[in-house]
Structures are given as structure tokens and as C-alpha cells.
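All remarks here apply to the structure that follows.
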Number of protein chains: 2
Amino acid sequence: MAKRAHSVQRREESLSRERIVEASIQLLDSSGEEGLTFRALSERLSTGPGAIYWHIANKSDLLTAACDAVVARTINETIVARTPEATIRAVALGLFDVIDEHPWVGSALTSVPGLSPIVRILERIGQQIRALGVPEEQQWAAVGALMAYILGVSRQNAANGQLARTRGLDRADFLDAVSTAWSQLDPKEYPFARSVAGKIRDHDDRVDFLAGIDLILRGIGSPRRRLRP
Amino acid sequence: MAKRAHSVQRREESLSRERIVEASIQLLDSSGEEGLTFRALSERLSTGPGAIYWHIANKSDLLTAACDAVVARTINETIVARTPEATIRAVALGLFDVIDEHPWVGSALTSVPGLSPIVRILERIGQQIRALGVPEEQQWAAVGALMAYILGVSRQNAANGQLARTRGLDRADFLDAVSTAWSQLDPKEYPFARSVAGKIRDHDDRVDFLAGIDLILRGIGSPRRRLRP
DNA sequence: CGTTATTGTGGAATGACATTCCATTTATGT
DNA sequence: ACATAAATGGAATGTCATTCCACAATAACG
């Protein structure tokens, strides 16, 4: 389908994969993951569901395409910093922020492993790990850990944000709720949870996120004590 | 609803939250996340959907309950090992394996943060971090990083397994597909992905997972060089 | 310039799903 | 026995992704 080998647009205001993906991104951003329905999409594009299916295989395909478009933008925009560590931090923070802004990206990333968006990220981080001088047999573990951490935390962070929004709480109220819930746990069974309950209330997710990145980077550099030249 | 203050079961073979949750777990395990429908559930329990709604608020509630049940089992079963690091590894591996066996647990964990299953895990790991002598102001970062890593990787691993099963590939074929896809990427744009493509083919997910855990543990112990007494 | 394939469109139809409603049935306290 | 509350199960509702198909616009060819 859609073989337009050497042909121009068939109709002036015609449908196209790009137009559909763009509309999907807008829909996802404004109404969240559940806001992307074929009904809403066809209304926005003033057409029928059938026409959309001519350009796109199914909803999952659509989600992947939207996800790829957004990730590709960020990964390419991220500025290259001075040191490999700084670059990794920048890439990580960039992803954290995109996923925070487009929470649906988090969920979509899991579904198609080994493909576009994931590979882009892998490549970017992998090059920095190489630049750090990590021996080749340890590179895979290092990149794997970083990616899992970055995607895992960003995703969870985005999910929390969405949950709070859904329940009509703002961030402060939400954290307050969690904090009080934890501090009311049984002191014998949950001493640790109680002890950190207070810290939850006014923590900065981005700071915590970066702290974790540094932790992993330190672990990567640690055995050879080679973190900085 | 369901106030049974000082009453016994009303009917012999009656419905109950537990029976419903148990059936849901079986259904989820046998037919995956999409296999849990109220239709299938009411058939298995030989009742109607309405009866189920008397005991359970909605599907999300049901999923959370099932998730909690499974996680609680594992967390409590996990043996306490000699050192805190070993215990953390054991807990981590335990979770990795449960999520691998019940892939739906991974997805369900994200949806209700700050509540039961998450807190159980947090507590368990937190206690070990304390035992490691990590200063209190760094405990939150350490536990957060570990949890994000454990849940993130386990989840992705389970998702991969499911994806492979859905597409009717076995693990080897799947890895092979990814590996060849990566090795056919543009060498200029994707040098790193190409370089690790080969390693993908015969790697052990559990080993990689533990390598990441060790990386983080090393990072936690590193600044004070206190990993082992 | 007209005819015919091909490529695209959009609306109606299908079947699965979560959830709600409500007329009944069952147990418990009086 | 009888009243009341707890439970039940099946039918009804509305939304969703996806498929189907009659049709329109374009290109390809004579």
C-alpha cells in the first residue's frame, strides 16, 4: 500500500501517514492515551475510520509511529556536552522531560523492542559509554542498566503525573497523600517506608533521577577508578 | 459494601473477593493480560458479571489485587541471605522471575504507585540499604535507583517474552531477528548498535540483569569505599 | 479525449469489551 | 413467619478497534 514511487500528492488536502501521525500526537498530548480513538482521529481529520486504515495498519502501529516521531526529535536535538558523562546526563534528562511532557511515550516504548526509538537511544548512550573507555565486554551491561533506569524511572514518573491529573490532585496533594499513607504504616513491618515518608513530600523528581544516573555512572567507572581522566 | 462484621459465609460455594482474585490470576497466567475479561471470569466462576461487581470496584481494582497477591507471596518467600547485597540480589532476582512468569504483573505495578505491592518491595530493599550503612540522606536515591532498575528491566524482559510468544517465535528466533536487524543498520549512524548486535544473540537476560544490579550496588558503595566490611 | 485500472475515501456494519441496571434469590435478625 | 439487607446473574448500554464495501478521484493507456 501507499506506493507513490514517482507520483505527487494525489489530492490537495489528502490524507497521509504524516498528517495522521501528527494529528495523533496532538490528540495524545491533549487528551492522553485514552483520547486517541479512531473516532476522534477521523473527526479531527474530517474523514472516516476506513480512510485512516488505508495508511496505517492498526492502532499499535499508529502509537509506535507517534512515539518514534517524538523520540527522534528529542534525541537529535539534545546538545552534545563536554564529557561523556555530561552527555549521558543530558540525554537522560532530555528523555525524562519528553516522557514527562508526553506520558504516552513511556508506555509505547515497551511494546516494540529492538526497533526504531529504542535503537536510537541505545546508540546515543552506547557511543558515550565507548568514549568513557569501558572495556568492550562490559559495554552491554552498562548501556543496558542505563537504559533500563532511564526508561523505567521516566515512565513511572509520567505515570504518577497522569494518575495525579486523573484524580484531580495537583502534585503537592498527591505527594502529601502518599506521604501520609506511608507514615501511617505499621512501624514494625514498615520501618523504612515510614522513615522516608517525610522525604517524599518535598523531593524533586528530576534531582532524584539524576542522582540515580550518577550512581550508575559511578558504578560503571568504579572498578577501574576511571570515571574522570 | 461487603460488610460481614460478624457473619460467616452466606452461601456454601459463594463468591468472594479471594475466589475472584484467584480465578483472575489463573486467567491472567493462562491467557495473558487480554485474557482477563469479565465474560471469561464469570464463566469460570459460573456467575454473571454483575455478581463480580458486587465484590470488586472495576477491572483496575481487580488487576491491582491480583498483582498484590502475587507480589506479596514472592516478597515474603524470598530467603534472607548472608549479606545485604546478597539479599538485595535475591529479592531482585525473585521479582525478575515472578514478572517473567506472570508478565501482567509488570504492567499492573505502574498503575497504583505508593500502594501495596510497591511499598512491600520498597521496604524490603530499604532495610537492606540501611544494613549496608548508607547514610540516611542517600538512602532514598539508592532505593529509588534499585527499584526503578529492577522493575524497569523485569518489565521490559517480560514484555519481550510476551511479544515473542504473540508472534509465535521462540526466544532464539526472536533474538536472532533483533540481532540481524541491528547488524543491518547504517554503520555510520549506528556503530554501537552494530557492535553489540552479535552479543544479543546468545546472552542470558538474568545474568545481564544481575550485572546491572551489581553495577548499581557498586555505585552505592563506591564513594565511601564501603561495599564490604 | 475517453476508457479502464489503481489508489484512496468515508460511512455503515460487526463483534468484543467494561460497566450499569434491576428483577430475583438467599440468608439473617426478629 | 416475615422483613430487611446482602448477593446474584442476566439483559441492556454505549464505546471501542477493526472490517467491509460502494463509491470517487486520479493516473495510465489507447
Restricting to the range A:124-138, name every residue that is open to solvent by 10 Å² or more (accessible area, probe 1.4 Å) and within 7 Å of chain B (Cβ to nearest Cβ). A:Gln127, A:Arg130
Test for B:Leu63: is it buried (at least 17 other Cβ atoms within 10 Å of the Cβ) and touching a Pro at 6+ places or on another chain (Cβ under 9 Å): no
Taking A:Leu95 and the conditions (1) of a type in the set (A, V, I, L, M); (2) more than 30 Å from A:Gly144 (Cβ to Cβ); (3) away from DNA strand C (no atom under 16 Å from the Cβ), which numbered condition does it fall short on, given that it satisfies the others? (2)
Restricting to the range A:10-57, and then to whatever is more than 9 Å from DNA strand D (Cβ to nearest atom) and among the β-branched types (Val, Ile, Thr), can you tell me which residue is farthest from A:Ala72 (Cα to Cα)? A:Thr47
Within the range A:106-118, can one find any residue that is within 12 Å of chain B (Cβ to nearest Cβ), under 27 Å from A:Asp176 (Cβ atoms) and either open to solvent by less than 30 Å² (accessible area, probe 1.4 Å) or touching a Pro at 6+ places or on another chain (Cβ under 6 Å) (or both)? yes
Check whether at least one residue in the range B:205-220 is more than 10 Å from chain A (Cβ to nearest Cβ) and open to solvent by 30 Å² or more (accessible area, probe 1.4 Å), and report yes or no. yes
Contacts under 7 angstrom Cβ, first residue in the range B:46-64 being within 14 Å of chain A (Cβ to nearest Cβ), partner within 14 Å of DNA strand D (Cβ to nearest atom), 6 or more apart: none
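Residue-wise test of (1) modelled with pLDDT under 90; (2) over 19 Å from B:Ala65 (Cβ atoms).
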{"site": "B:Arg89", "(1), (2)": "no, yes"}
{"site": "B:Phe96", "(1), (2)": "no, yes"}
{"site": "B:Thr110", "(1), (2)": "yes, no"}
{"site": "B:Pro117", "(1), (2)": "yes, no"}
{"site": "B:Glu137", "(1), (2)": "yes, yes"}
{"site": "B:Ala164", "(1), (2)": "yes, yes"}
Can you report the number of residues in the range B:71-92 which are in a helix (DSSP H, G or I) and surrounded by fewer than 13 Cβ atoms within 10 Å (Cβ to Cβ)? 3
Test: residue in the range B:172-180 that is buried (at least 16 other Cβ atoms within 10 Å of the Cβ) and facing another protein chain (nearest Cβ under 7 Å): yes
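The values are calculated or read from the model by the stated rules, or taken from the named source; none is laboratory data. Only a predicted model underlies this, so the values are computations on that prediction, with no experimental measurement involved. With ideal geometry, Cβ positions are generated from the backbone for all residues, glycine too; neighbour counts draw on all protein chains shown. Each accessible area value is taken on the protein alone, full model and side chains, heavy atoms only, with ligands, DNA and RNA left out. Shrake-Rupley method; radii C 1.70, N 1.55, O 1.52, S 1.80 Å.
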